[in-house]
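The structure under discussion appears below in the form of C-alpha cells.
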Amino acid sequence: MIHIALADDHKMFAKGIESLLAEEDDFVIKGVFNNGVELLNFLQNKAVDVVLTDMNMPIMDGMGVVAAVKKNLPDTKVIVLSMYDDKEIYEKCLKLGADAYVLKGSDPDELIYTIREVHEGSYIQGYQKLLFQQDDGKYPDHFKERFKLSRRELEILRLIKDGNLNKEIAEMLSLSQHTVESHRKKIHQKLGVSSAVELVKKAIEMNL
C-alpha cells in the first residue's frame, strides 16, 4: 500500500484529489492539510510514503515543504502540484529534492501514474515530461485517446498482448507485482473487458 499525505489550501481541489486517489486500491490517504506547516506537524508523528504539496500556499509554500521533508524525512517522496509550467520553478523544486513536479491541469491518470512511479523509484524526471502533461490526456496514440489509457497502462497492455504474465511484466518494468495487478485492473475497467483473452482481442481490434 502507498500511504499519502496532501497539502493544498484550495479545499475544493484538495477534496477532488482525495476522492480521486481514494478510488485506487493501493492508495491510502493519511491526511489532507491546508498548508505546509500543518502537514509537517502531522509528519512528525505519522509516516507516509508520498507527500503531495501545492506550490502556492499560505504560511509555507511547496518549496518550503520540499526542503523540510527532504531534510527531516529523506526517504519520503515529495511530488509538487503546480499551476506553473515554468522551467525555472521546476528546476528549483528539483534542486531542493522534489521527486516529481505535476501540473494541476494534467490528466488525472498522470498524477496516479506519477505517484506509483515515484514510490517504486522508477520515475524519470525531465522538463519534456512536464510539457507532455499539458496534453490533458489527448495523447498521440489513437488507442490512448479513445480509452484514456496512461502511458504506463499502454506499456503494460502491450506486454500482456505479447503473452507476458504479471510477474514477468513486474520484472521487466522494475515494478511490484501488486502495482502491475492494479494497472491491469484499471485497464480492464477502461476497455470494458473481463479477461485476458478479451483484452488481447480488443488490443488487436484497435491495431495496437
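The values are calculated or read from the model by the stated rules, or taken from the named source; none is laboratory data. Fair warning: this is a prediction, and the values are worked out from it, not measured in the lab. Glycine also receives a Cβ, built like all others from the backbone with ideal geometry; neighbour counts cover every protein chain displayed.
Applying the selection to segment 172-208, what residues are assigned to a helix (DSSP H, G or I), at pLDDT 85 or above and either β-branched (Val, Ile, Thr) or in contact with a Pro (Cβ under 6 Å, 6 or more places away or on another chain) (or both)?
Within segment 172-208, 180, 187 meet the criteria.
For the condition buried (at least 17 other Cβ atoms within 10 Å of the Cβ) and more than 18 Å from residue 8 (Cβ to Cβ), what is the one hit in 77, 92, 70, 87?
The unique qualifying residue is 70.
Taking residue 164 as the residue in question, decide whether it is loosely packed, with under 13 Cβ neighbours inside 10 Å, assigned to a loop (DSSP other than H, G, I, E, B) and either out of contact with any strand residue (DSSP E or B) (no Cβ under 8 Å at 6 or more places or on another chain) or at pLDDT 85 or above (or both).
No, not satisfied.
Step by step: first the residues of segment 146-161, then only those that are basic (Lys, Arg) and in contact (Cβ under 8 Å) with a residue 40 or more places away in the chain, then the one that is surrounded by the fewest Cβ atoms within 10 Å (Cβ to Cβ). Which residue is that?
Result: 146.
Of the residues 156, 115, which is in contact with a Phe, Trp or Tyr (Cβ under 9 Å, 6 or more places away or on another chain) and at pLDDT 75 or above? Even if it seems obvious, please write down each step before you answer.
Working: 156 fails: in contact with a Phe, Trp or Tyr (Cβ under 9 Å, 6 or more places away or on another chain).
Residue meeting the stated conditions: 115.
Contact list please: Cβ distance under 8 Å, first residue in segment 109-121 and more than 18 Å from residue 29 (Cβ to Cβ) and not assigned by TED's automatic domain parsing to the domain that holds residue 150, second residue of a type in the set (Phe, Trp, Tyr) and outside any helix (DSSP H, G or I), pairs at least six apart or on different chains.
117/123
Can you say whether residue 83 is farther than 26 Å from residue 185 by Cα and touching a residue at least 40 places away in the same chain (Cβ under 8 Å), as far as the supplied structure shows?
So residue 83 does not fit the description; no.
Being closer than 21 Å to residue 84 by Cβ and at pLDDT 95 or above: is that true of residue 7 here?
When the stated conditions are applied, residue 7 passes them.
Restricting the search to segment 14-26, which residues are of a type outside the set (Asp, Glu) and either closer than 12 Å to residue 108 by Cα or in the same structural domain as residue 187 (by TED's automatic domain parsing) (or both)?
Matches in segment 14-26: 16, 17, 19, 20, 21.
Have a look at 66, 28, 78, 51 and point out the one that is part of a helix (DSSP H, G or I) and not charged (D, E, K, R).
66
Given the conditions (1) farther than 13 Å from residue 118 by Cβ; (2) within 14 Å of the chain's Cα centre (by Cα); (3) hydrophobic (A, V, I, L, M, F, W, C), report the number of the one that residue 50 does not fulfil.
(1)
Answer yes if at least one residue in segment 52-65 is exposed (fewer than 14 other Cβ atoms within 10 Å of the Cβ) and under 30 Å from residue 186 (Cβ atoms), and no otherwise.
no
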